[in-house]
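Trainee: Next up is a structure, given as structure tokens.
The values are calculated or read from the model by the stated rules, or taken from the named source; none is laboratory data. All values derive from a computational prediction rather than experimental measurement. Glycine gets a Cβ as well: all are built from the backbone with ideal geometry, and neighbour counts include every protein chain shown.
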Amino acid sequence: MPYSDINPLDWSTVQPHVDALLATELGRDNAESWLQRWSDLTAILHESRSQIYREVSENTADEEAEKRFLLFVEQIMPQAKIAAQALKSKLLAFEDYTPQADAVMMMKRFRTEASIFREENVPLQSELVKLGNEYEKLVGGMTIEWEGKEETMPQATLHLREKDRAAREKAWRLMMARFGAERDRLNELYLQMLSLRRQVAKNAGFDNYRDYQWKEFARFDYTPDDCFTFHDAIEHEVVPRAAQLYAERAEKLGLDPLSPWDTEVDLHGEPLHPFEDAAELEEGCYRIFQQVDPVLAEYFTAMRDGFLDLASRPNKAPGGFCSSFPVRRKPYIFMNAVGTHRDVGTLLHEGGHAFHFMESSQQPLIWNYGSPMEFCEVASMAMELLSAPYLEKSNGGFYEEADARRAHAEQLHGIVRFLPYMAVVDAFQHWVYVDAPQDVAAADLDAKWSELWNRFMVGIDYSSLQAEKETGWHRKEHIFSVPFYYIEYGLAQLGALQVWRNALTDQSQSVADYRAALVLGDTRPLPELFSAAGATFAFDRETVGDLMTLIFEKLAELER
Ligand SMILES: [Zn+2]
């Protein structure tokens, strides 16, 4: 191993290798091998970051792990960024380099990143990260008092599933009141971030922050106008369908109208309870993956050797994610399973991300692992849908027939209900960063959110809940911390639905296409990745309408 002397927590053992790369004279004959050396060095740092992050997530009480994490974040990562920028500049300055076909997109990304980089934006961006952390701290620290006990917001949200309507309403109102108490602070925080972002864009030579962020996210294959086309398609093809689902829900619950605290309660009584412990979850999902594709099941088997941490336990970080270890070529899944259907969905979803890593890491260069975010979520969302026929015990999964149908139907309901909300979040930000006046005030933001809510979120009664409605943007972390990052989920869902549609007629062909797209990694534009997966990268009314028709045909079949 040429890099065996590296200690990832001591930058002085890394810098000599960076210096050696910087000192190498680039020529046509050595550019490829130089890139490979840089890629291998990057892989070692990526591997260390994954390992260190894994250790703090698996045991938040491990103080030594916490120290390593802080050391890495505060000292190693900034150095690594500076080194990467220098190496990138060196490569871009070497004009004789003609990238091979698989490196063309990577070079385009490098050039774009370099073109928007401005020294004077570095402190502004650090300030934005700090303000983002402040939002997280403020919201993450919120609690309500429930029957004499303090509960966090995620805990309080569980009351929205209670059968007792008065309890649901009480929990919902307590949560809203808690956010309401921070209304001024959240307004102030966001306006501060808005003004910093406008400055960042200006420094980089853009008229508005949306144009800047478009480059930052390397959105080469669609424009703001395409987003508006998608919003319009959702308004006409999805909103009436979602309203229909809400009306059916209201009828089943014997309510009219449906209030915001009535959207989560289970219509079937008892919640699904698919497994007792993590071992059962792991085994069940393995059997499902086997039914979807034996090679994917083999990838999963390889992870069962120390790269799954599924069960919830004390001192484990919340949430779930999939990360990767490029040196050992292993993906890793972290989650907090407690025995719900949501846990099954999470493992199937993260499994899709893990398979994406296994396929795309066949690419020689680390920058081509994964793909644009719009396609990463196709890998995971499609895996949830491809798994649906096997949720039933007799097909490998967890449930008796009726429960399997119910789980599948709920998944499809979730997709229909998500798209209109996604449109609100996206359309709001287009307005904020492009159309809002320079001296925009919090009341204007509220009014815009409210207008968009009325346009897209039809079927839930907010008529006497104006304050709660218009401050909805306070409750969406992405709006504060990762502006414009959200439509990716909507675009990816359309891709995933198309993969699923193909599988309904020919599963083995559809899965073969899915894998063929995954293995391309980040080497192709989005339309090519979608097309390799057997899907079209389109979001017009016809595409969206056809997929909604498919979903509702399937729902009719499942609910028969
Ligand atoms: Zn995901």
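Trainee: What about Phe537, is it closer than 16 Å to Pro372 by Cβ and in contact with a Pro (Cβ under 6 Å, 6 or more places away or on another chain)? I'd like the intermediate steps shown before the answer.
Mentor: Numbers: closer than 16 Å to Pro372 by Cβ: yes; in contact with a Pro (Cβ under 6 Å, 6 or more places away or on another chain): yes.
Spelling it out, Phe537 is indeed closer than 16 Å to Pro372 by Cβ and in contact with a Pro (Cβ under 6 Å, 6 or more places away or on another chain).
Trainee: Can you tell me which residues in region 18-76 are free of Cβ contacts under 8 Å to residues at least 12 places away in the same chain and closer than 24 Å to Asn368 by Cβ?
Mentor: Once the filter is applied, which keeps residues that are free of Cβ contacts under 8 Å to residues at least 12 places away in the same chain and closer than 24 Å to Asn368 by Cβ, region 18-76 yields Ala20, Thr24, Asp29, Asn30, Ser33.
Trainee: Got a sec? Which of Ala43, Ala61 is at pLDDT 95 or above and either part of a helix (DSSP H, G or I) or not hydroxyl-bearing (Ser, Thr, Tyr) (or both)?
Mentor: The conditions single out Ala43.
Trainee: Name the single residue, out of those in region 308-359 being assigned to a loop (DSSP other than H, G, I, E, B) and within 12 Å of the ligand (Cβ to nearest atom), that is surrounded by the fewest Cβ atoms within 10 Å (Cβ to Cβ).
Mentor: Selected residue: Gly319.
Trainee: Can you find a residue that is part of a helix (DSSP H, G or I), in contact (Cβ under 8 Å) with a residue 40 or more places away in the chain and farther than 20 Å from Phe428 by Cβ anywhere in region 195-209?
Mentor: Yes, region 195-209 contains a residue that is part of a helix (DSSP H, G or I), in contact (Cβ under 8 Å) with a residue 40 or more places away in the chain and farther than 20 Å from Phe428 by Cβ.
Trainee: Can you tell me which residues in region 360-377 are of a type in the set (S, T, N, Q), within 16 Å of the ligand (Cβ to nearest atom) and in a helix (DSSP H, G or I)?
Mentor: Ser360
Trainee: Quick check: is even one residue across region 134-144 in contact with a helix residue (DSSP H, G or I) (Cβ under 8 Å, 6 or more places away or on another chain) and over 21 Å from Ile479 (Cβ atoms)?
Mentor: Within region 134-144, one or more residues are in contact with a helix residue (DSSP H, G or I) (Cβ under 8 Å, 6 or more places away or on another chain) and over 21 Å from Ile479 (Cβ atoms).
Trainee: While we're looking at this one, here's another question. Cβ contacts < 7 Å: first residue closer than 14 Å to Glu162 by Cβ, restricted to region 258-269; second residue at pLDDT 95 or above and among the aromatic types (Phe, Trp, Tyr), any location; separation 6+ or different chain. Result?
Mentor: Listed pairs, sorted by first residue: Trp261/Trp172.
Trainee: Another question about this same structure. Does Ala409 count as small (Gly, Ala, Ser), in contact (Cβ under 8 Å) with a residue 60 or more places away in the chain and more than 16 Å from the ligand (Cβ to nearest atom)?
Mentor: Yes.
Trainee: So, Trp449, is that one part of a helix (DSSP H, G or I) and in contact with a Lys or Arg (Cβ under 7 Å, 6 or more places away or on another chain) or not? Break it down into steps so the answer makes sense when it comes.
Mentor: Numbers: part of a helix (DSSP H, G or I): yes; in contact with a Lys or Arg (Cβ under 7 Å, 6 or more places away or on another chain): no.
For Trp449, the condition - part of a helix (DSSP H, G or I) and in contact with a Lys or Arg (Cβ under 7 Å, 6 or more places away or on another chain) - is not met.
Trainee: If the requirement is being surrounded by 24 or more Cβ atoms within 10 Å (Cβ to Cβ) and within 15 Å of the ligand (Cβ to nearest atom), which of these qualifies: Ser387, Ser380?
Mentor: Ser387
Trainee: Could you list, in sequence order, all residues of region 335-372 that are modelled with pLDDT under 95, farther than 21 Å from Tyr399 by Cβ and of a type in the set (A, V, I, L, M)?
Mentor: Result: no residue meets the conditions.
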